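Values quoted throughout were computed directly from the atomic coordinates according to the rules given, and no laboratory measurement underlies them. Since this is a predicted model, take the numbers as computed values, not measurements. Every residue, glycine among them, receives a Cβ derived from its backbone with ideal geometry; neighbour counts consider all protein chains shown.
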Ligand SMILES: [Zn+2]
Ligand SMILES: [Zn+2]
């Protein structure tokens, strides 16, 4: 059995625990692989990202931990690269490509801040048209480059049970499908992300069943990640995520990592 997580935040960005605390917790839980993925620095939201002045320290610390714990766990030096980030990602061992904001009329609107800010932003920039918002969101998503596509439908963070907008609307589904198919051509792996469950925003992982089925149809592989921001969240709902993947048509050989 292997137990892995490649989406891990620490005090280097907006996580609550240090990288070493995360490693110790992962070893305690029987993990064989742990990938660190600090948020890349962005100008539009300086509160979450790894400050440019800390990039070297981040690298040194992850490589120190790699060496120190090499007999117990395999550690990877990665980054969660925001679409609007300008940092050079060439030195990382892997890149999670994520969209957390969308540009409209020269301004970047954050999509995962709060329910209130989402509604305010869609009213301000899209005149309250959630399908136009979704189309712009998925178009931005489709342009990403990375080894792993992070939380592809993050725009639904505050929309469980379609409480704000419909994810069954054909405009929504077509926009999502276009993004999935374009990203599939790049060979990227799509993520099942349980992070919003651990943080109490949702009871189900990203992406939705509809999108997961599109990913399966595109022939792509998936990876189960917790997007954890503390030690308790490292393996949040991994068994549930695995069952969910099987329910959406994936076979064991389509699933990389997780807990099996
Ligand atoms: Zn993210
Ligand atoms: Zn993340």
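Just a few scattered comments:
- Length released on extending from residue 46 to residue 243, taking residue separation times 0.36 nm less the Cα-Cα span: 67.3 nm
- The convex hull built on the alpha-carbon positions of region 93-156 has an orientation-averaged projected area of 4.4 nm².
- Relative to the longest principal axis of the Cα atoms of the chain, the long axis of helix 170-185 makes an angle of roughly 40 degrees.
- Over region 1-73, volume per residue of the alpha carbon convex hull, in Å³: 72
- Entry note, the chain: relative contact order of 20 percent, from Cα contacts under 8 Å with a spacing of 6+ residues.
- DSSP finds beta bridges in region 4-256, and of those with both partners inside it, around 15 percent are antiparallel.
- Taking the centroid of alpha carbons for each part, region 165-191 and region 210-260 are 17 Å apart.
- Highest average packing first - 117-130, 140-153, 229-242, Cβ atoms within 10 Å: 140-153, 229-242, 117-130
- Length-normalised contact order for region 7-79 - Cα pairs under 8 Å, 6+ apart - percent: 36
- Considering all different alpha carbon pairs of region 4-130, the Kirkwood hydrodynamic radius works out to 15.8 Å.
- Helix 238-247 vs. the chain, principal-axis angle (Cα, 0 to 90°, nearest 10): 50
- Inter-centroid distance (Cα atoms) of region 34-85 relative to region 131-150, Å: 23
- The listed peptides 13-25, 58-70, ordered by packing as a protection proxy, come out as 13-25, 58-70 (highest mean of other Cβ atoms within 10 Å first).
- Distance in nm between pseudo-label sites at residue 163 and residue 72 (7 Å out along the Cβ direction from Cα): 3.9
- Rounded tilt (10° steps) of 55-68 against the dominant C-alpha axis of the chain: 50
- Each peptide in 31-43, 154-166 receives the mean, over its residues, of other Cβ atoms within 10 Å, and ordering these scores from highest gives 31-43, 154-166.
- Rg in Å to one decimal, and Dmax rounded to a whole Å, for the chain via C-alpha atoms: 17.5, 55
- Per-residue [θ]222 nm for the chain (sum of -39500 (n - 2.57) over DSSP H runs n ≥ 4, rounded to 500): -10000 deg cm²/dmol
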